[in-house]
1. From 437, 429, 395, which residue is among the aliphatic types (A, V, I, L, M) and farther than 25 Å from residue 111 by Cα?
2. All but one of (1) among the charged types (D, E, K, R); (2) in a strand (DSSP E or B); (3) within 23 Å of residue 33 (Cα to Cα) hold for residue 202; which doesn't?
3. Check off (1) in the same structural domain as residue 199 (by TED's automatic domain parsing); (2) surrounded by 22 or more Cβ atoms within 10 Å (Cβ to Cβ) for residue 419 and give me the number that stays unchecked.
4. Considering segment 183-199 alone, what residues qualify as being crowded, with 16+ Cβ neighbours inside 10 Å and in a strand (DSSP E or B)?
5. Inside segment 109-158, can you point out the residues that are under 18 Å from residue 457 (Cα atoms) and assigned to a helix (DSSP H, G or I)?
6. Within the bounds of segment 134-156, is there any residue that is in contact (Cβ under 8 Å) with a residue 24 or more places away in the chain, aromatic (Phe, Trp, Tyr) and farther than 29 Å from residue 37 by Cα?
7. What are the residues in segment 207-221 that are surrounded by 22 or more Cβ atoms within 10 Å (Cβ to Cβ) and within 22 Å of residue 20 (Cα to Cα), if any?
8. Yes or no: residue 185 farther than 18 Å from residue 21 by Cβ, small (Gly, Ala, Ser) and within 22 Å of the chain's Cα centre (by Cα)?
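The values are calculated or read from the model by the stated rules, or taken from the named source; none is laboratory data. Computed from a predicted model, the values in this text were never measured in an experiment. All Cβ positions, even for glycine, are placed from backbone atoms using ideal geometry, and neighbour counts span all protein chains on display.
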Amino acid sequence: MLTRNRVYPRADETVDVLVVGGGGAGLAAAIEAAEAGARVVLLEKNDAPGGSTSWSIGSVSASQTPHQRALGIDDTPLAHWEDMPGFAGDLAPRDNDALRRILCEAMPGTFQWLLDSGVRFMGPMPEPPHRVPRMHNVLPNSRSFIYHLTRRAKRAGAEIRVRASVTELVLEDDAVRGVIFEQGGTTKRIDAKGGVILTAGDFTNSPELKARFMGQQEAKVSAVNVTATGDGQRMAEQVGARIVNGDLALGPEIRFIAPAKENFVRRLPPWRSLAAVMQWSMKHLPDAMLRPFLMKFLTTALAPALTLFEDGAILVNARGERFGEETDRPAYRLPDQPEGVGYIVIDARIAKRYAAWPHFISTAPGVAYAYLEDYKRNRPDIYREADTAEALAAVTGMNAHALAASIGSAKALSQAPFVALGPVRAVFVHAEGGLMVDQQHRVLDANHAPIPGLRAAGSTGQGGLLLKGHGHHLAWAFASGRRAGRFTAQTARDGVTKGKSIA
């Protein structure tokens, strides 16, 4: 429903560029606009910037990087653009080819921009169907992006306001003039001469939008980032925008629950000096020394390999009951189970099989593979072993009769000892449903016309672009955020010059 007849309060303040959302895309937009001379305010609803960027593995895919050149890899943005549809498969006809070209052409410069900001990477790593290695993984962890970009944004003069929840876009005279937001119990209006940039992430944790675009069962599945509630999409629809590819997402998928306390890898400070030491270590230290370190990262909250079920593992609920065919989308049924969790149960035969390549429990692409022994060593909170089904039930809190019946129903599980891995839960990692935008990241209405004063970047402004394959979501966040920030700052300058408020 459009809000054209809404009567708004007077603006409490006016800035040049207003950014809604403080993840990777929002920080990139704020930096570019501020460095272009604009007065920038960024509003973030959480206690600190971060968004889904800080929850990510931290991969960025790009061509023509210094890392590629150091290895003698000859690559181009055109080759990157040509390879990306290989990840989309049958969905490729739904891709936005023009935005994909913008992404690939922007990434060499954007990757260098990240390096200039203080971010460090290992790689590049191979990931077919990329014809050459393009995936670069951040060091020491994905918080490095937020740490360095927040510092750069503040140096540039951008003002970051946290615990500021934007509730509505201000639409007057058929143009977006600003936003209504709540902070500290007070509701305010802030306007922007150049316009508003929505960088509020995806809607993986919006039951309403998931039910509408995906289905009622998907609506029950939570998200890795619980604050990804589709605020930008919801508010933009109210002023005439439209969501594309809302039915596409990574998930639901099964993932191990995160450790109660973050491991030391996630707690490592994102200093450039530490990242440089890690970068040197990745190149020069033997795998035997690096592997224990990598396993601390890899055995956190990643997905178990579905080949476990193909090899005979079963999935039971918290009572020890099987609740469906394990090879038939088990993540869709997990939300209906007690507490929404399950356990993967294997026997000694499967345990032996998943002790070495190519049978791994989980993987971070291009980094390392984790086997059963790695989980036993690093995640004792989710690893339980016993000689009988009854004993396994005792250490997991399951019903002994139910678990014994479940194991007995699986012909593949016959050799003691038995192992239960879990709890596991169903999650969405990210959704592809973003607002339709043009090549200047202006949000488009149902008639394909730009909505004056409104741009979107990152997941909020994905525009039908398909970002399958590791490293493309973050690449789009940074590349599109930078571009949206530059365009909006230019609009603010033109508006001042021409005596206009909104271009």
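1. Result: 395 is the single residue among 437, 429, 395 that is among the aliphatic types (A, V, I, L, M) and farther than 25 Å from residue 111 by Cα.
2. The single condition residue 202 does not satisfy is (2).
3. (1)
4. Passing the criteria: 188, 189, 190, 191, 192, 193, 194, 195, 196, 197, 198.
5. 109, 110, 111, 113, 114, 145, 146, 149, 150, 153
6. no
7. Of everything in segment 207-221, those that are surrounded by 22 or more Cβ atoms within 10 Å (Cβ to Cβ) and within 22 Å of residue 20 (Cα to Cα) turn out to be 209, 210.
8. No, not satisfied.
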